[in-house]
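Below is one structure, written out as structure tokens; comments come after it.
The values are calculated or read from the model by the stated rules, or taken from the named source; none is laboratory data. The shown structure was predicted, so the numbers you read here are calculated from the model rather than taken from an experiment. Counting neighbours? That spans all protein chains shown, and the Cβs are built from the backbone with ideal geometry, glycine included. Surface accessibility is based on the protein's heavy atoms, side chains included, excluding ligands, DNA and RNA. Shrake-Rupley method; radii C 1.70, N 1.55, O 1.52, S 1.80 Å.
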Amino acid sequence: GGDPLVGLSKVDFLLTDNYDIATTGFGDFRLAAGMTNLIQALKIKMGTIKGSMLLHPDFGLGIRAGMSTADFTAQSVYDTINKLIADDPRFGGIQKLQIQLNKASLTINLSVYLANNNGVLPLTFDLKI
């Protein structure tokens with residue numbers, strides 16, 4: 001039984017939308033495994049501001065609220081996403097990547113191949129800029 005993706009995904013602490021550790025009503029930590037872990041990993045990659053992690057200064061997308069569109073290009077975002085996916089052994093590459101600049105946000109439509117031919121995971125991210 002269980003989720004067949006757990007072997008691929010690893011197990012991490014489950015995070016809330018604000019990146020706090022999620023707990024149960026009893027104060028116990030919740031875990032993210034399988035598909036939940038894979039989705040959370042992509043959310044962290046897209047939501048982390050590049051340069052904000054001292055030990056991993058190249059990690060993250062580099063998009064943050066208040067940025068000017070002159071501060072980045074679609075190509076630089078595309079290249080960064082490709083590197084973030086390629087550097088993670090849980091993923092086998094990108095099937096589809098579309099970047100759309102809106103007035104106050106950047107929409108990323110992403111489909112990534114899961115490692116070991118475990119399928120494709122499609123997700124959309126809206127980042128405030």
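Between ASP88, ASP71, which is of a type outside the set (A, V, I, L, M, F, W, C) and at pLDDT below 90?
Details: ASP88 fails: at pLDDT below 90.
Answer to the check: ASP71.
Here ALA74 qualifies as aliphatic (A, V, I, L, M) and either without any contact (Cβ under 8 Å) to a residue 12 or more places away in the chain or more than 16 Å from LEU38 (Cβ to Cβ) (or both). Taken over the stretch 88-98, residues that are surrounded by 12 or more Cβ atoms within 10 Å (Cβ to Cβ) and under 20 Å from PHE59 (Cβ atoms) amount to 6. Only one entry of LEU31, LEU54, LEU61 meets the criterion of being hydrophobic (A, V, I, L, M, F, W, C) and surrounded by 16 or more Cβ atoms within 10 Å (Cβ to Cβ), and that entry is LEU61.
What are the residues in the stretch 99-112 that are open to solvent by 80 Å² or more (accessible area, probe 1.4 Å) and out of contact with any Leu (no Cβ under 8 Å at 6 or more places or on another chain), if any? The answer is LEU101, LYS103. Residues that are open to solvent by 70 Å² or more (accessible area, probe 1.4 Å) and either closer than 15 Å to LEU121 by Cα or touching a Lys or Arg at 6+ places or on another chain (Cβ under 6 Å) (or both) occur in the stretch 4-26; there is at least one. Residues that are open to solvent by 70 Å² or more (accessible area, probe 1.4 Å), touching a Gly at 6+ places or on another chain (Cβ under 8 Å), of a type in the set (A, V, I, L, M) and more than 18 Å from ASP12 (Cβ to Cβ) do occur in the stretch 68-87, at least one of them.
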